[in-house]
Amino acid sequence: MEYTLKTPLSKADIIKPRAGDVVYLDGIILTARDTAHERLLSSEKIPFDLSGAAIFHCGPLMRKNKEWSPIAVGPTTSARMSKMTPELLEKYGIRAIIGKGGMNGVVGALYEKCIYLAYPGGCAAIATDQIKRVKEVHWFDLGMPEAIWVFEVKQFGPLIVGIDAHGNDLYAEVEKRANERIKSL
Amino acid sequence: MSGVITKDQVITAVVQLLRQAEIELPDDVLATLKSARDRESNPIARTQLSAIIKNADFARENSIPMCQDTGVPIFFVEVGREAMINFDLEEAIRKGVARATEEIPLRPNAVHPLTRKNSGNVGVGFPDVNFDFVPGKNIKITVMPKGGGAENMSVLRMFTPSEVDDVKHFIIETVKNAGGKPCPPIIVGVGIGGTFDKSARLAKKAALRRLDKPSDELEQELLETINSLGIGPMGLGGDTTALKVNIEYAHCHVASLPVAINFQCWAARRASVTLEG
């Protein structure tokens with residue numbers, strides 16, 4: 001199945017797609033990687049809204065002339081954010097996590113709350129075509145890759161549902177089959 | 001003066017090399033990805049391979065880096081023993097990297113390992129520059145911008161001589177454990193032998209080898225087994241986990257058997273130029 005979802009995302013939006021489905025996103029996405037996650041967890045107040053939000057594991061390459069423009073914007077390895085994710089989802093109303101490579105031990109935290117969407121790794125050039133506007137940047141003191149960039153996107157994808165809100169994890173299924181294959185060698 | 005290679009020549013060449021490497025996926029890599037897409041039986045895998053090929057085309061047509069992780073600039077410099085230079089070659093390369101960071105641009109990727117303070121793309125031992133001496137008067141510079149996701153999954157293990165038969169299993173298991181994290185389809189660079197550090201350097205050189213060079217029997221066997229695991233592009237399942245397995249060897253100590261595995265993501269960026277002396 002193929003879906004186009006629009007932010008802010010509701011529970012009804014993210015409950016429909018199943019692991020393996022294709023999703024395109026319209027609306028707002030916010031980048032957040034390692035140190036941004038740490039700050040999100042330690043902050044009492046944040047200068048942007050994460051309810052119904054789609055966060056993007058991404059450290060973009062940006063350039064500022066008069067205004068910021070995206071040069072290359074692709075996903076980073078999501079597994080690094082695995083440990084911080086359950087608490088992050090508990091604290092904020094994030095409905096979609098975009099990244100690459102899957103995450104460890106988050107199926108329970110995502111259950112009926114959030115979906116994990118895989119953007120094709122390394123495809124940072126085509127993503128710039130899907131970003132219509134750089135809306136804001138926050139926490140720039142963390143450095144260009146680690147800052148929170150707020151992008152307005154149109155038909156952002158293809159995003160593959162890697163982990164759905166029903167407990168299905170495509171990566172875990174792939175790994176299980178790979179393990180069986182190794183045993184048979 | 002004829003025959004003398006200048007500092008400006010090196011700086012300009014480094015900027016040009018990085019620009020080419022970041023923007024244009026090498027022809028052998030693109031051709032291998034296209035034939036993998038045409039063979040791939042898994043529909044999800046095909047979406048990933050199609051996006052990768054579309055992205056490579058889009059980057060080239062628009063002169064922008066193909067990946068936001070513009071990598072660690074790793075240089076392999078072959079210096080002719082009769083080459084004439086009167087400047088600090090490594091310093092010129094560092095200047096070229098700094099200029100490329102502004103001009104292309106490149107993402108500022110260098111941080112102190114503990115404080116994580118970002119220093120752009122130049123720092124202590126960053127970029128990584130390796131020198132070899134060769135016959136002749138020329139200087140050949142090769143750059144390999146290496147992304148962090150694939151580099152992070154790399155593994156080195158010191159086997160004992162009685163464990164020769166475990167090496168194949170170790171390579172396959174390491175690829176399986178990496179799953180989708182190193183951005184498959186990957187190139188698996190393997191270094192067998194040498195010392196602890198030499199095996200890693202061999203693995204890196206193996207990952208740099210062109211994909212249209214023929215594989216030996218062991219490389220082919222490993223490639224087929226790895227692709228039978230079904231990890232697929234980005235770990236989402238499929239027939240295409242690796243594009244190539246390349247192995248480099250060196251003799252090692254009678255008591256040792258170092259094996260290093262260096263992962264290269266599909267964005268196998270590399271470019272070379274020869275400066276004539």
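The values are calculated or read from the model by the stated rules, or taken from the named source; none is laboratory data. Just so it is clear, the model here is predicted, and its values are computed rather than measured. In this analysis, Cβ positions are derived from the backbone assuming ideal geometry, glycine residues included, and neighbour counts consider all displayed protein chains.
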Residue that is closer than 23 Å to B:Asp8 by Cα, crowded, with 18+ Cβ neighbours inside 10 Å and acidic (Asp, Glu), where the choices are B:Glu78, B:Glu151: B:Glu78
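Can you find a residue in region B:169-187 that is more than 12 Å from chain A (Cβ to nearest Cβ) and surrounded by 19 or more Cβ atoms within 10 Å (Cβ to Cβ)? Step through it out loud before you land on a result.
First, pick out the residues of region B:169-187 that are more than 12 Å from chain A (Cβ to nearest Cβ): B:187.
If we keep only those that are surrounded by 19 or more Cβ atoms within 10 Å (Cβ to Cβ) as well, we get B:187.
Within region B:169-187, one or more residues are more than 12 Å from chain A (Cβ to nearest Cβ) and surrounded by 19 or more Cβ atoms within 10 Å (Cβ to Cβ).
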Subset of region B:6-51 [over 16 Å from the mean Cα position of the chain (by Cα) and in a loop (DSSP other than H, G, I, E, B)]: B:Thr6, B:Glu40, B:Ser41, B:Asn42
Count - residues of region B:100-156 that are away from chain A (no Cβ under 14 Å), within 20 Å of the chain's Cα centre (by Cα) and either modelled with pLDDT under 95 or not in a loop (DSSP other than H, G, I, E, B) (or both): 13
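Residues checked against (1) farther than 20 Å from A:Tyr3 by Cβ; (2) more than 10 Å from chain B (Cβ to nearest Cβ); (3) assigned to a strand (DSSP E or B); (4) charged (D, E, K, R):
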position	(1), (2), (3), (4)
A:Ala127	no, no, no, no
A:Glu136	yes, yes, yes, yes
A:Pro145	yes, no, no, no
A:Phe156	no, yes, yes, no
A:His166	no, yes, no, no
A:Glu173	yes, no, no, yes
A:Arg177	yes, no, no, yes
A:Ile182	yes, no, no, no
Extreme residue, nearest to the chain's Cα centre (by Cα), among residues of region A:32-41 that are surrounded by fewer than 24 Cβ atoms within 10 Å (Cβ to Cβ) and away from every other protein chain (no Cβ under 14 Å): A:Leu40
Complete set of residues in region B:233-254 that are more than 15 Å from B:Ala150 (Cα to Cα), in contact with a helix residue (DSSP H, G or I) (Cβ under 7 Å, 6 or more places away or on another chain) and part of a loop (DSSP other than H, G, I, E, B): B:Leu236, B:Gly237, B:Gly238, B:Asp239, B:Thr240
Subset of region A:109-143 that is surrounded by fewer than 21 Cβ atoms within 10 Å (Cβ to Cβ) and more than 20 Å from A:Gly27 (Cβ to Cβ) - its residue that is modelled with the lowest pLDDT: A:Gly143
Filtered residue count, region A:42-77, keeping only those that are over 18 Å from A:Glu136 (Cβ atoms), at the interface with another protein chain (Cβ under 9 Å from one of its Cβ atoms), small (Gly, Ala, Ser) and not in a strand (DSSP E or B): 1
Test: residue in region A:78-90 that is free of Cβ contacts under 8 Å to residues at least 40 places away in the same chain, surrounded by 22 or more Cβ atoms within 10 Å (Cβ to Cβ), closer than 23 Å to B:Val111 by Cα and within 14 Å of chain B (Cβ to nearest Cβ): yes
